[in-house]
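The next block holds one structure in the form of structure tokens; read it before the comments.
Values in this text are rule-based calculations from the coordinates and carry no lab data. Being a predicted model, the structure only gives us computed values, none of them experimental. All Cβ positions, even for glycine, are placed from backbone atoms using ideal geometry, and neighbour counts span all protein chains on display.
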Amino acid sequence: MNLSKIQEIFSAQSKNYLILFALFILPFTISLSQISSDNNLLSPKNRLKFGDYLYKEKDYLRAAGEYKEYLKTSNNDTVQFKFANSFFKIGRFIEATDNFKGLFFNSLLSEEARLMFYESNFFRNNFKTFRELADQSNYKTVKYHDEIERLKFTTYFFDDAILPDENIILKPFPDSVQSQLSQFYYQKKFPKQKSITTAAIFSAIIPGAGKIYTGEIGDGITTFISTALSAYLAYTNFNADHQFRGWLFTGLTAFFYGGSIYGSAASAQIYNARIRFNFENEVKVYFEQRDYFLPKIDF
Amino acid sequence: MMARLLISFLFITEISCAQTERVKWESQQVSYELPALQHHYYTIDKSSFGLSILSVARNAYYFFISDLDGDNCAFSPSCSTFYLQAIKETSVFKGTLMFADRFTRDINFFKGSGHYLLLPSNKFFDPPYNYTLHSEKIKY
Amino acid sequence: MNIRLSIISFLLLFSLVSKGQDHLTLWYNHANNLFNNKLHYDAVTEYKRVLFFDSTKSYHYSANYKIGESYKAGAKFDEAIRYFSFAELNARDREEIFQTKAQIIRANILRKTTARAVQLCDELEKDGRFVDKRDTINYWRGWAFMFANEWQSAANSFALINPSHELKLLAERTEKAKVSVTFAKVISYILPGAGAIYSGKFLSGLMSLGWNALAGYWTINSFIEKRAFDGIVVGELVWLRFYRGAIRNAEDIAIEKNLETANKSLRFLQNEYKGIKP
């Protein structure tokens, strides 16, 4: 074999091995290190990726689980926010408030976290506590001050606290909703209620009249007829000297008469409860349709 | 292809209707049994002597009369149960007045008209706690 | 040389890909362990994790299928059906398609939407791909009918598998043990209380008969004694009430007896039957 031929063989082989190295071995060694971290499905990076995917799919409880594990090893305000927000989305407001509090200081999302903290407290439906919180300076937010004020005054529509002046309540709200909110205000302040005493007195004078006063026309007429009929039967039986039957129907008359007065008073109370319930429902739907005038914050 | 499109469409609509999981759930065995009809329960209220006597009387009423004359009450709870519950919540006198009012409402042919909640059993829901004259107890 | 080069490059490429897939297989097996240990919520989480990282979609059928089974075990049938549908979209062959369709039928049975389960069975039966699966289809159709309290139809379905099928005999026994609601009502129209006696409630039937006899006597006696008002009141408030009550009771007692008969069979199926259950 001559030298040139040996050189030819070696150069051909070297070329092949060079190609092999360039195409496969080099990227293989680079990606091998990547694979060993990528293969760990529970690595912080993968947990975050999976958590974000679950969050997007609205599987908030599982997303919260992934974010919780991620936050054990890494500090990330956005993830902390989404972790807290996951609880908010599934209605676990206590956990949401606790976790939003963790972003109050030294965080770029401090203002947003404070807003969500207030939102979570609002939806716990303890409106008196919410108003107290809204006045606490250490939780206040500068950026979302108006939103919190609106929420604070919204609470007055949902509980029995003394209503502040109309101008104070309506001030934080936009002009476009002032007239409707004003209507709600007057409905809340001067509800069209029925008097329990009046209903009872009406029925004492004419059995069933109190029920008609509260809108229960059918019940009122039935009460009147049953009381009148049993009174008439008592009268006729006494006249015919049927003592037992006379007293039986007298007792029945007293039964219906007493029931009529009591029932009219109870009916007035139920009427008032119905007014309050319908009002609260109407207000709730109105605010829900407008997202309680709150901005949407999400990532 | 059509089947896949249909399945995809169904899948998308199912997503929009699916419930969000709020808590970690456990496995559950679903009972194969069919739901039974509603019954009167022959219980004795042992919370006081008076209520025990009244519940015995109520049981006797169920056994001799109510279980035989059919299901006539349009309300739930029935009038006899309402009476006992009313006495338990208030007193004999007030409970009797509540029962008198309930009886009158029961004989009203035109009851309903949107003032009562209609249960799946087609009965009007009318619990005694709405009639105690304590407004905070009313659950509308 | 070229052949050697090709073999080496192929082996390297294969090991590159399989390193990732091995890890996914391990994780899938971990999810299976959770499923087998009845930790279904966690199993769903891990199956979803596998799905998310499965770029080659090699686990898309099996993971979705297992998620469906996990939700079914947790009695969350809407979600179960959703994921079984997803598994069906990713099914690779006829057998897998059939398995997912069968699971959807089973979830509908457990969800007590039996009409839908029967409809799906009918659709499967008409599908030419599953001609050899008639027995399985009839089996689940029979179960759907049992859950719908239609025992004769269930017996007919099981009979198509085998004329002496265990469930066919059970369904026939259950159907035979039932009483006729219509008959109970009709005989109560003729003799109040007879319907209750026919359904096995002798005391109730006799008491009903007694009340009707007594109220009838009072009413007729009142009219004989020319106390028309009393007669009308007693007739309307007592006699008619107990007469109507007897008919309604006859119907209710018959329905209740049939329900108890059906529930006895359903309890057997739930607790003692050794075959495949929904």
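Tabulated values for the structure
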read-out: Residues listed by number, segment C:26-53, amide nitrogen under 14 Å from A:Glu95 label point at 7 Å toward C-beta; value: C:42
read-out: Set of aspartates and glutamates near C:Lys176 by C-alpha distance (under 15 Å), chain-local residues within fewer than 8 positions excluded; value: C:Glu150, C:Glu260
read-out: Translational diffusion of segment C:21-143, µm² s⁻¹ [Kirkwood Rh, Cα pairs; Stokes-Einstein; 20 °C; 1.002 mPa s]; value: 144 µm²/s
read-out: Which of C:Lys57, A:Lys194, A:Lys82 has the fewest Cβ neighbours within 10 Å, and the rest in rising order; value: C:Lys57, A:Lys194, A:Lys82
read-out: Cβ-Cβ FRET estimate between A:Gln289 and C:Arg129, R0 fixed at 45 Å, reported to 0.05; value: 0.35
read-out: Projected area averaged over orientations for segment A:67-178, convex hull of C-alpha atoms, nm²; value: 7.7 nm²
read-out: Nearest 10 degrees, 0 to 90: helix A:26-38 Cα axis against chain A principal axis; value: 30 degrees
read-out: Histogram of C-alpha separations across segment A:172-299, 5 Å bin width, %; value: 2, 11, 14, 13, 10, 9, 8, 7, 6, 5, 4, 4, 3, 2, 1, 1, 0, 0
read-out: Net charge dipole size for the protein assembly as shown [Lys, Arg +1 and Asp, Glu -1 on Cβ; Debye, nearest 20]; value: 740 debye
read-out: Dipole of the protein assembly as shown [Lys/Arg +1, Asp/Glu -1 at C-beta], most positive-end residue of A:Ala134, C:Gln99, A:Ala113; value: C:Gln99
read-out: Most positive-pole-ward Cα, C:Leu169, C:Tyr189, C:Phe158, against dipole of segment C:134-196 from beta carbon charges; value: C:Tyr189
read-out: Calculated FRET value between C:Asn29 and B:Val56, using beta carbons and R₀ = 51 Å, to 0.05; value: 0.20
read-out: Lysines with Cα under 22 Å of B:Lys139, excluding same-chain neighbours fewer than 8 positions away; value: A:Lys128, A:Lys188, A:Lys189, A:Lys192, A:Lys194, A:Lys211, A:Lys284, B:Lys88, B:Lys94, B:Lys111, B:Lys123
read-out: Between 0 and 90°, nearest 10: helix A:217-239 axis offset from chain A longest Cα axis; value: 30 degrees
read-out: Shielding score for C:204-214, defined as the mean number of other chain Cβ atoms within 10 Å; value: 2
read-out: Cα extents of segment C:136-228 along the three principal axes, largest first (Å); value: 72, 21, 16
read-out: For B:Phe75, residues with placed amide H under 5 Å, excluding near neighbours; value: B:Phe124
read-out: Cα→Cβ-extended label distance, 7 Å offset, between B:Asn122 and A:Gln243, nm; value: 4.8 nm
read-out: Descending Cα extents along the principal axes, chain A, whole Å; value: 151, 49, 32
read-out: Of C:Lys76/C:Lys112; A:Lys56/A:Lys89; A:Lys101/B:Lys24; B:Lys46/C:Lys201, pairs whose Cα-Cα distance is over 18 Å; value: A:Lys101/B:Lys24; B:Lys46/C:Lys201
read-out: Residues C:Thr114, A:Thr223, A:Thr214, A:Thr197 arranged by fewest to most Cβ contacts within 10 Å; value: A:Thr197, C:Thr114, A:Thr214, A:Thr223
read-out: Computed magnitude of the charge dipole of segment A:64-164 (debye, nearest 20; Cβ of K, R +1, Cβ of D, E -1); value: 140 debye
read-out: Neighbour-count ranking [beta-carbon atoms within 10 angstrom, fewest first] of B:Cys79, C:Cys121; value: B:Cys79, C:Cys121
read-out: Positive-end residue of A:Ser182, A:Gly259, A:Gly65, charge dipole of chain A with Cβ unit charges; value: A:Gly65
read-out: Whole-angstrom Cα spans of chain C along principal axes, big to small; value: 125, 38, 30
read-out: Cross-link pairs C:Lys101/C:Lys277; C:Lys38/C:Lys133; A:Lys68/C:Lys48 - those with Cα-Cα distance over 20 Å; value: C:Lys38/C:Lys133
read-out: Per-residue ³J(HN,Hα) for segment C:130-140, Karplus 6.51 cos²θ - 1.76 cosθ + 1.60, θ = phi - 60°, Hz, x for Gly and Pro; value: 10, 4, 7, 9, 4, 4, 5, 4, 5, 4, 6
read-out: Shielding by partners, peptide B:128-136 (average Cβ within 10 angstrom, other chains); value: 3
read-out: Exercise: per-residue mean of other protein chain Cβ atoms within 10 Å, A:261-268; value: 5
read-out: Eligible aspartates and glutamates near C:Lys264 by straight Cα distance, threshold 13 Å, same-chain separation 8 or greater; value: B:Glu33, C:Glu175, C:Glu256, C:Glu272
